[in-house]
Amino acid sequence: MTGLFRSLIGVSALALAASSATAQTELRMMWYNDGVEGEVMETILERFEAEHPDITVTLDVVPYKAVLESLPIQLAAGEGPDIARVTDLGGLSPYYLDMTTYLSDPDYWRENFGPFLAWLDPDGSSISGFMTQLTVTGPYVNKTLFEQAGVEMPGEGATWDDWAAASREVAGALDIPIPMAWDRSGHRVAGPAISMGAKMFDPDGAPHLVDDGLKSMATTLYDWHQDGTMSKELWGSVSGSTYLGANEDFANAQVVMYMSGSWQVPQFAETIGDAFDWWAVPAPCGPAACSGMPGGAALVAMADTDHPEEVVTLMEYLSSEEVLAEFYGKTLFIPGHLGLAKGGVDFATDDPRASHALQTFAGAVPTISPVAYELQGYVNNRIMFNALISRLGEAIVGEMTLDQAFDRMSDDVAKQIAEKERE
């Protein structure tokens, strides 16, 4: 073989390598973590890339706040990721890709994700993503503190007032700084408000945030912040509609009762472990219901992607029953896949606290009010949640009265929905 021939072969090989590199499609996935799910997803994506060498996937892990506040701005500017993990399911729906025509088996999606597809598409016709987890809001208690204080935990049918009184008693006996903490989130307040009788919509189906039921729960939260049941320093440390969790305070045994939800299970299994008995309890009751809010995070494809076929290839892989069973099992998430929910998931935990919590939250699904499901699927629910928490927060820190806060909530919802409809 002559040197010239060898050189030509070498040039050809380099050209082919360059062509292969050029042909490779790069996808970006925006992701946030509640617990270990990012690590689980990284492992799954590595396998996907090995099976699809023409596609690479960059997992951009960001704070949850960035998903709430930065992602909508990016999408509006046409600079968003190809795929994103979101919780504002209906609110971001104008930016989703309808994958239906690209899917190899759309019926698989309808059969297994059917009840949740409408959360992603108010019109109920497109397939844009799947639930990475189904969540249920509800409280955790530090059961160890109850036992140390000799205080009996309220039982079935207990109200929020019952739990508040018990939490104050435990905190007083053991000098715990915070009897009760809630995530600073309109979504977290909505379930208890519905339990107190909030309807969220008028008889014609139009949004109607402020009624006697909502006022009752909001007033209770206001009073708890004034009498020390809840800490003003937590909700008062941020403003507007900014989200703030109290998971670290609870994990550090500074909180007796913490209102959050099922997504905390994997995190608490890792951060608390067996340091104390963190115990999920059923949603406390009001006169109308004993309801939490359903919800969760969905992985959705974005319409502005330059690579819709490759995006759908990835989404079909991730949504397959085998892969999702692994994902739900390792992350300790309640399945958002009907087949797996019926058949069961092998959760990778020997922690009795985690097992109990998962059973408690899964068992709470039948108690969720129809109003809560309707609100979760409402395209403008984020406007309602933000108005609720921002104005209630201002009242709690003394910037306005509760009556003024209720008026502002109604004004905010009406004005922001009107502005959105003009766009």
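Overview of results
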| quantity | calculated |
| --- | --- |
| Checking V379 against (1) assigned by TED's automatic domain parsing to the domain that holds D183; (2) in contact with a helix residue (DSSP H, G or I) (Cβ under 6 Å, 6 or more places away or on another chain); (3) touching a residue at least 24 places away in the same chain (Cβ under 8 Å), the condition it does not meet | (2) |
| Test: E156 is of a type outside the set (A, V, I, L, M, F, W, C), out of contact with any Cys (no Cβ under 8 Å at 6 or more places or on another chain), at pLDDT below 95 and not assigned by TED's automatic domain parsing to the domain that holds T87 | yes |
| Residue among A348, A354 that alone is under 16 Å from Q133 (Cα atoms), surrounded by fewer than 18 Cβ atoms within 10 Å (Cβ to Cβ) and either touching an Asp or Glu at 6+ places or on another chain (Cβ under 7 Å) or not assigned by TED's automatic domain parsing to the domain that holds S93 (or both) | A348 |
| Matching helices (runs of 4 or more DSSP H) fully within segment 1-113 where at least 3 residues are at pLDDT 95 or above | 37-51, 64-76 |
| Only one of G236, G240 that is on the phi > 0 side of the Ramachandran plot, not acidic (D, E) and not assigned by TED's automatic domain parsing to the domain that holds E69 | G240 |
| Selection count, segment 114-144, where residues are out of contact with any Asp or Glu (no Cβ under 9 Å at 6 or more places or on another chain), part of a helix (DSSP H, G or I) and surrounded by 14 or more Cβ atoms within 10 Å (Cβ to Cβ) | 6 |
| Selection within segment 213-239 - polar (S, T, N, Q) and within 24 Å of the chain's Cα centre (by Cα) | S231, S237, S239 |
| Out of T219, T242, sole residue that is among the β-branched types (V, I, T) and surrounded by fewer than 17 Cβ atoms within 10 Å (Cβ to Cβ) | T219 |
| Subset of segment 344-376 (residues that are over 29 Å from T144 (Cβ atoms) and among the hydroxyl-bearing types (S, T, Y)) | S369, Y373 |
| Looking only at segment 227-247, and only at residues there that are touching a residue at least 12 places away in the same chain (Cβ under 8 Å) and assigned to a helix (DSSP H, G or I), the one that is nearest to W278 (Cα to Cα) | N247 |
| Which listed residue is crowded, with 19+ Cβ neighbours inside 10 Å, assigned by TED's automatic domain parsing to the domain that holds D223 and among the charged types (D, E, K, R), from R391, R408 | R391 |
| Residues of segment 312-334 classified as touching a His at 6+ places or on another chain (Cβ under 9 Å) and buried (at least 21 other Cβ atoms within 10 Å of the Cβ), total | 4 |
| Test: residue in segment 91-98 that is surrounded by fewer than 22 Cβ atoms within 10 Å (Cβ to Cβ), of a type in the set (F, W, Y) and touching a residue at least 40 places away in the same chain (Cβ under 8 Å) | yes |
| Residue in segment 379-402 that is at pLDDT below 95, more than 18 Å from L234 (Cβ to Cβ) and outside any helix (DSSP H, G or I) present | yes |
| Every pair of residues 6+ apart whose Cβ atoms lie under 9 Å, when the first sits in segment 312-337 and is among the basic types (K, R) while the second is assigned to a helix (DSSP H, G or I) | K330/E37; K330/E39; K330/V40; K330/T43; K330/P266 |
| Yes/no for G197 being in a loop (DSSP other than H, G, I, E, B) and in contact with a Cys (Cβ under 6 Å, 6 or more places away or on another chain) | no |
| Qualifying positions in segment 188-215 - small (G, A, S) and either free of Cβ contacts under 8 Å to residues at least 12 places away in the same chain or crowded, with 24+ Cβ neighbours inside 10 Å (or both) | A190, G191, A193, S195, A198, G205, A206 |
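For (1) among the charged types (D, E, K, R); (2) under 26 Å from T43 (Cα atoms); (3) touching a helix residue (DSSP H, G or I) at 6+ places or on another chain (Cβ under 6 Å), each residue gets a yes or a no:
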residue	(1), (2), (3)
G329	no, yes, no
A341	no, yes, no
F347	no, yes, yes
S369	no, no, yes
I383	no, no, yes
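The values are calculated or read from the model by the stated rules, or taken from the named source; none is laboratory data. All values derive from a computational prediction rather than experimental measurement. Glycine also receives a Cβ, built like all others from the backbone with ideal geometry; neighbour counts cover every protein chain displayed.
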